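**Q** Below: one structure in structure tokens.
The values are calculated or read from the model by the stated rules, or taken from the named source; none is laboratory data. None of these values were measured; they are calculated from a predicted model. With ideal geometry, Cβ positions are generated from the backbone for all residues, glycine too; neighbour counts draw on all protein chains shown.
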Amino acid sequence: MPTFSDRVLGQIQALLEPAGVRLNGSHPWDPQIHRPDAFHQKLFSRWSLGLGESYMDGDWDCERLDEFFNRVLWARVDQKVPPGLRLKITLEVLRSRLTNRQSRDRAFQVGERHYDVGNDLFEAMLDSRMIYSCGYWARAATLEQAQRDKLELICRKLELKPGETLLDVGCGWGGLARYAAENYQVAVLGITVSKEQQHLAQARCEGLPVTIRLCDYRDLTGSFDKIVSVGMFEHVGPKNYRTYFDAAMRLLKPEGLFLLHTIGSAATVPTTDSWIDRYIFPNGHLPSLPEITRPFDNELQLEDWHNFGHDYDRTLMAWHERFEAAWPQLAPRYGERFGRMWRYYLLCCAGLFRSGEGRLWQLVLSRRGRRAEYRAPR
């Protein structure tokens, strides 16, 4: 007679079958289960959160986590929630709809819990400019070139001219601000919610017309020729999209341009993945196409929409390669469980973009009534 563990194993295997994944199988994307009881208990009690925590705890391994997630997400296995968990997920959806998880009071949480984790980690993982967003691989062979090409593409799309003012909303470690100031002779105000980013960005931009402030976008004042926001919109949240675009319109000069670079979701989803929310990006949300367009359709006009989501797969795999190479030096400070968490984060995100469920969009927007003709470069 099958044991309880065998029955649970059979249920999980049935869920994975459409993805071509087998527990303890022979393919590199097949999970190898070391502690079946712990794995089953965590998965069936907390679903996505439990799957990630079980990996962090060493209950299972997988040679190619990126390909495991590509297959699981492509087959939409993540949407086939066991009946016992449906009530919990419904309650989470209600919580997201009833509360503003990206309010002013929560705005700095992602900086404290993610971006402040350690500059040494990000310096080891990222390119020399520390650009923590999707590279542009159309003509690039290396991460360094892909990130430089992305910065150049952004500056060209914004039609930057010497003497202009540029607002960088979510400036990271100052890579784009420095590039624009050095190569396009513009004055830049960059804002971030991370103290560690602010300190390092100020040092990296020393001597240039660049100011870096610790600031929430809702508190900005002034007027700018151009506005850019790269990899920050994912932290804004649907309840604040109208406020966000209203702020952009208020800060942008009449003939100005606003470039929004953001991860997107192929479908509108009510909640963020529970593991990502707890361990990586608290209070985040990946917007869908209609979620983005509804809030700006009255006052801002769309000049260009560019999708290169598959480039994020390649970017994440390059980050993962650099992270693994640096891990022996980082491990004494961060510990093995953190290393497994970070590996899981990078590779599950690579799988998300490879599956097509994750998108990467660059939008160029202007205020209604802008008279100049716009031609988008590629």
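**Q** Can you confirm whether segment 54-63 contains a residue that is modelled with pLDDT of 95 or more and either on the phi > 0 side of the Ramachandran plot or out of contact with any helix residue (DSSP H, G or I) (no Cβ under 9 Å at 6 or more places or on another chain) (or both)?
**A** So in segment 54-63, the residues modelled with pLDDT of 95 or more come out as 54-63.
If we keep only those that are either on the phi > 0 side of the Ramachandran plot or out of contact with any helix residue (DSSP H, G or I) (no Cβ under 9 Å at 6 or more places or on another chain) (or both) as well, we get 58, 63.
Among the residues of segment 54-63, at least one is modelled with pLDDT of 95 or more and either on the phi > 0 side of the Ramachandran plot or out of contact with any helix residue (DSSP H, G or I) (no Cβ under 9 Å at 6 or more places or on another chain) (or both), which makes the answer yes.
**Q** Going residue by residue through segment 302-311, is there one that turns out to be in contact with a helix residue (DSSP H, G or I) (Cβ under 6 Å, 6 or more places away or on another chain) and assigned to a loop (DSSP other than H, G, I, E, B)?
**A** Taking every residue of segment 302-311 in turn, at least one turns out to be in contact with a helix residue (DSSP H, G or I) (Cβ under 6 Å, 6 or more places away or on another chain) and assigned to a loop (DSSP other than H, G, I, E, B).
**Q** Continuing with the same structure: Name the residue, out of Asp149, Asp225, Asp168, that is surrounded by 16 or more Cβ atoms within 10 Å (Cβ to Cβ), touching a Ser or Thr at 6+ places or on another chain (Cβ under 7 Å), of a type outside the set (S, T, N, Q) and under 20 Å from Leu257 (Cβ atoms). Explain how you work it out, then say what you get.
**A** Numbers: Asp149 fails: touching a Ser or Thr at 6+ places or on another chain (Cβ under 7 Å); Asp168 fails: touching a Ser or Thr at 6+ places or on another chain (Cβ under 7 Å).
One residue alone meets the criteria, Asp225.
**Q** Does segment 350-378 hold any residues that are assigned to a helix (DSSP H, G or I) and either outside the structural domain of Val228 (by TED's automatic domain parsing) or touching a strand residue (DSSP E or B) at 6+ places or on another chain (Cβ under 6 Å) (or both), and which are they?
**A** Just the residues of segment 350-378 that are assigned to a helix (DSSP H, G or I), to begin with: 350-355.
Across segment 350-378, the qualifying residue is only Leu352.
**Q** Residues Ala181, Ala203: which one is of a type in the set (Gly, Ala, Ser), touching a strand residue (DSSP E or B) at 6+ places or on another chain (Cβ under 7 Å) and modelled with pLDDT of 95 or more?
**A** Details: Ala203 fails: touching a strand residue (DSSP E or B) at 6+ places or on another chain (Cβ under 7 Å).
Checking each option against the conditions leaves just Ala181.
**Q** Where residues in segment 40-79 are among the aromatic types (Phe, Trp, Tyr) and under 14 Å from Tyr344 (Cβ atoms), which of them is surrounded by the fewest Cβ atoms within 10 Å (Cβ to Cβ)?
**A** Taking segment 40-79 as the starting set, the residues that turn out to be among the aromatic types (Phe, Trp, Tyr) are 44, 47, 55, 60, 68-69, 74.
Subsequent filtering for residues that are under 14 Å from Tyr344 (Cβ atoms) retains 55, 60, 68-69.
Details: Tyr55: 23, Trp60: 20, Phe68: 22, Phe69: 26.
The qualifying residue surrounded by the fewest Cβ atoms within 10 Å (Cβ to Cβ) is Trp60.
**Q** Here's another thing I want to ask about it. Checking the conditions here, which among Ile227, Ile280, Ile212 is assigned by TED's automatic domain parsing to the domain that holds Gly163, within 16 Å of the chain's Cα centre (by Cα) and β-branched (Val, Ile, Thr)?
**A** On the way: Ile227 fails: within 16 Å of the chain's Cα centre (by Cα); Ile212 fails: within 16 Å of the chain's Cα centre (by Cα).
That would be Ile280, the only listed residue that is assigned by TED's automatic domain parsing to the domain that holds Gly163, within 16 Å of the chain's Cα centre (by Cα) and β-branched (Val, Ile, Thr).
**Q** Can you say whether Tyr334 is crowded, with 20+ Cβ neighbours inside 10 Å, among the aromatic types (Phe, Trp, Tyr) and closer than 24 Å to Phe68 by Cβ, as far as the supplied structure shows? Don't jump to the end; show me each part of the working.
**A** Working: crowded, with 20+ Cβ neighbours inside 10 Å: no; among the aromatic types (Phe, Trp, Tyr): yes; closer than 24 Å to Phe68 by Cβ: yes.
No.
**Q** Taking the stated definitions as given, is Ile292 surrounded by 17 or more Cβ atoms within 10 Å (Cβ to Cβ), among the β-branched types (Val, Ile, Thr) and touching a His at 6+ places or on another chain (Cβ under 8 Å)? Don't jump to the end; show me each part of the working.
**A** On the way: surrounded by 17 or more Cβ atoms within 10 Å (Cβ to Cβ): yes; among the β-branched types (Val, Ile, Thr): yes; touching a His at 6+ places or on another chain (Cβ under 8 Å): no.
In short, no.
**Q** Now for a different question. Can we say Leu347 is surrounded by 21 or more Cβ atoms within 10 Å (Cβ to Cβ), at pLDDT 95 or above and either in a helix (DSSP H, G or I) or not assigned by TED's automatic domain parsing to the domain that holds Arg46 (or both)? I'd like the intermediate steps shown before the answer.
**A** Working: surrounded by 21 or more Cβ atoms within 10 Å (Cβ to Cβ): yes; at pLDDT 95 or above: yes; either in a helix (DSSP H, G or I) or not assigned by TED's automatic domain parsing to the domain that holds Arg46 (or both): yes.
Against the criterion (surrounded by 21 or more Cβ atoms within 10 Å (Cβ to Cβ), at pLDDT 95 or above and either in a helix (DSSP H, G or I) or not assigned by TED's automatic domain parsing to the domain that holds Arg46 (or both)), Leu347 qualifies.
**Q** Would you say Pro282 is more than 26 Å from Leu153 (Cα to Cα) and either surrounded by fewer than 17 Cβ atoms within 10 Å (Cβ to Cβ) or hydrophobic (A, V, I, L, M, F, W, C) (or both)?
**A** Numbers: more than 26 Å from Leu153 (Cα to Cα): yes; either surrounded by fewer than 17 Cβ atoms within 10 Å (Cβ to Cβ) or hydrophobic (A, V, I, L, M, F, W, C) (or both): no.
It is false that Pro282 is more than 26 Å from Leu153 (Cα to Cα) and either surrounded by fewer than 17 Cβ atoms within 10 Å (Cβ to Cβ) or hydrophobic (A, V, I, L, M, F, W, C) (or both).
**Q** Next question, about the same structure. State whether one or more residues within segment 261-274 are in the same structural domain as Trp342 (by TED's automatic domain parsing), modelled with pLDDT under 95 and assigned to a helix (DSSP H, G or I).
**A** Yes; the residues of segment 261-274 include at least one that is in the same structural domain as Trp342 (by TED's automatic domain parsing), modelled with pLDDT under 95 and assigned to a helix (DSSP H, G or I).
**Q** Kindly list the number of the only condition in (1) polar (S, T, N, Q); (2) at pLDDT 95 or above; (3) surrounded by fewer than 19 Cβ atoms within 10 Å (Cβ to Cβ) that fails for Asn298.
**A** (2)
**Q** Looking only at segment 173-202, which residues are without any contact (Cβ under 8 Å) to a residue 60 or more places away in the chain, of a type in the set (Gly, Ala, Ser) and either over 18 Å from Leu260 (Cβ atoms) or surrounded by fewer than 24 Cβ atoms within 10 Å (Cβ to Cβ) (or both)? Working first, answer last.
**A** Step one: of segment 173-202, the residues without any contact (Cβ under 8 Å) to a residue 60 or more places away in the chain are 173-191, 198-199, 201-202.
Narrowing the set further to residues that are of a type in the set (Gly, Ala, Ser) leaves 174-175, 177, 180-181, 187, 190, 201.
Across segment 173-202, the qualifying residues are Gly174, Ala181, Ala187, Ala201.
**Q** Take the residues in segment 22-39 that are charged (D, E, K, R) and farther than 19 Å from Leu347 by Cα, then tell me which one is surrounded by the most Cβ atoms within 10 Å (Cβ to Cβ). Write out each step before concluding.
**A** Taking segment 22-39 as the starting set, the residues that turn out to be charged (D, E, K, R) are 22, 30, 35, 37.
Then keep just the ones that are farther than 19 Å from Leu347 by Cα; that gives 35, 37.
Numbers: Arg35: 14, Asp37: 12.
Within segment 22-39, the match that is surrounded by the most Cβ atoms within 10 Å (Cβ to Cβ) is Arg35.
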